[in-house]
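Written below as structure tokens is the structure these notes are about.
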């Protein structure tokens, strides 16, 4: 099973949720050779609950995931911490939505939970917790006390970081994972489709529950795969994202432009 541990279902946090755009993302993820993704939308994105309500209403559930045209979508979210930096939280849809509601007062900048506080709450809820792109500026997660870092169960080797320096990203992220004694998996961090498949994690077995996914990750039963054109995919994705956001800023429909003439 080829899985991407860090993906988004919206082009940008401030934009309204578009089912058509998210459908396009999921279809392109499958076309890119992925069997599963973790949908780690930003916890303070506009319409967070709408994303999961739409997926649940239109697609069958398989274990903890949703079967979207053959692509398994595992629920999750990306959560900011007060010290600077991002984390990944995976669980069932009900667990993710409940946690997201509990974080309502901590969604504005200046109100984020500290890493220690967030980790304590994640542990209490028994969710699968990871560190997203640990060396992305202006984050400071690697500098936090060991007691706070102990909550992490995996580290994200991120596609955007790999595109800006593959060897350095692998070395620094891998060293951080080894320091914590936890696995390093991979995530594209895409907000649009061209970035899918730039990096992927191949699991030894296909699973559809978070508990089984966690078990394989912690056992190291996976391998990370890199696309030959990784940097090109990420650069192209960045250009597309900026262009689509500019279309929206000018009052146009970035979704209509994107999907015009699509098969």
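Considering 40, 87, the condition of being in contact with a helix residue (DSSP H, G or I) (Cβ under 9 Å, 6 or more places away or on another chain), buried (at least 24 other Cβ atoms within 10 Å of the Cβ), in a strand (DSSP E or B) and at pLDDT 95 or above is satisfied by 87 alone.
Here segment 122-139 is the region considered, the condition is being surrounded by fewer than 19 Cβ atoms within 10 Å (Cβ to Cβ) and farther than 21 Å from residue 174 by Cα, and the residue that is farthest from the chain's Cα centre (by Cα) is 124.
When segment 225-263 is filtered for residues that are part of a loop (DSSP other than H, G, I, E, B) and free of Cβ contacts under 8 Å to residues at least 60 places away in the same chain, the ones remaining, listed by number, are 227, 228, 229, 250, 251, 252, 253, 260, 261, 263.
The rows are residues; the columns are (1) under 26 Å from residue 233 (Cβ atoms); (2) in contact with a helix residue (DSSP H, G or I) (Cβ under 9 Å, 6 or more places away or on another chain); (3) part of a loop (DSSP other than H, G, I, E, B).
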site: 72; (1), (2), (3): yes, no, no
site: 98; (1), (2), (3): no, yes, no
site: 113; (1), (2), (3): no, yes, yes
site: 116; (1), (2), (3): no, yes, no
site: 121; (1), (2), (3): no, yes, no
site: 138; (1), (2), (3): yes, no, yes
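Please count how many residues of segment 241-258 are touching a helix residue (DSSP H, G or I) at 6+ places or on another chain (Cβ under 6 Å) and either modelled with pLDDT of 95 or more or closer than 27 Å to residue 76 by Cβ (or both). Total meeting the criteria: 5.
Can you find, within segment 193-224, the residue that is surrounded by the fewest Cβ atoms within 10 Å (Cβ to Cβ) among those that are assigned to a loop (DSSP other than H, G, I, E, B) and free of Cβ contacts under 8 Å to residues at least 40 places away in the same chain? Residue satisfying both the conditions and the ranking: 220.
Taken over segment 55-68, the criterion of being in contact with a helix residue (DSSP H, G or I) (Cβ under 6 Å, 6 or more places away or on another chain) and either in a loop (DSSP other than H, G, I, E, B) or within 15 Å of residue 100 (Cβ to Cβ) (or both) is satisfied by 64 alone. State yes or no: is residue 33 in a loop (DSSP other than H, G, I, E, B), farther than 27 Å from residue 137 by Cα and modelled with pLDDT of 95 or more? When the stated conditions are applied, residue 33 passes them.
The values are calculated or read from the model by the stated rules, or taken from the named source; none is laboratory data. In this text, all values refer to a predicted model and were calculated from it rather than measured experimentally. Positions of Cβ are backbone-derived with ideal geometry, glycine not excepted, and every protein chain shown enters the neighbour counts.
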